[in-house]
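The structure appears below as structure tokens.
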Amino acid sequence: MRKLFLILIALVLFAQNLFATVDIDCPERNTINPPYALMRGVVNLCTFWLEYPRCLVYDYDRMSPMGIFTFPFTGTFYGLARVFLSVGDIALLGFTGPSGYSEDFIREYVWQMPWNAYKGTSEVKEVKNTEDPVDFNKLEKVNINSLL
């Protein structure tokens, strides 16, 4: 019973930090925050395997049908990079600062990485209605029975 209670407390603390890092956007990552970096390492060590489905979706969007053949390599590369960075965070007890994470290479969490290759890059033009609105009071009334 004692072990179950300790595991429950650990899961609550893990979930609390996980939800806190998703909602809070901290623009300054130059300072060292050991608890944040330590929990980032734990979260990345638990979610590194999500790089495989992310790379499958991203590579297939970017270069279909060759993405099916390239995603194991990119997934392995990003997954191993995430494992090594998270082991570094845990081994150094969170005194790593921003370390190897960046916006260009590998972001801090797998859900911050691009999943859709075309998100934000499409040139979707908004179609505006330039016609005058229809005044339904001026329309001619039609007998429905005459149409049948």
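The values are calculated or read from the model by the stated rules, or taken from the named source; none is laboratory data. Just so you know, these numbers come straight off a predicted model, no measurement behind them. No Cβ is skipped: glycine too gets one built from the backbone with ideal geometry, and neighbour counts run over all protein chains shown.
Key figures for this structure:
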read-out	value
The one condition in (1) hydrophobic (A, V, I, L, M, F, W, C); (2) modelled with pLDDT under 75; (3) assigned to a helix (DSSP H, G or I) that Val43 fails to fulfil	(2)
Flag if Val87 is hydrophobic (A, V, I, L, M, F, W, C), at pLDDT 90 or above and part of a helix (DSSP H, G or I)	yes
Extreme residue, farthest from the chain's Cα centre (by Cα), among residues of segment 87-111 that are surrounded by 13 or more Cβ atoms within 10 Å (Cβ to Cβ), without any contact (Cβ under 8 Å) to a residue 60 or more places away in the chain and more than 15 Å from Ile32 (Cα to Cα)	Val87
Hits in segment 53-84 (condition: outside any helix (DSSP H, G or I) and either within 13 Å of Pro114 (Cα to Cα) or of a type in the set (A, V, I, L, M, F, W, C) (or both))	Met63, Met66
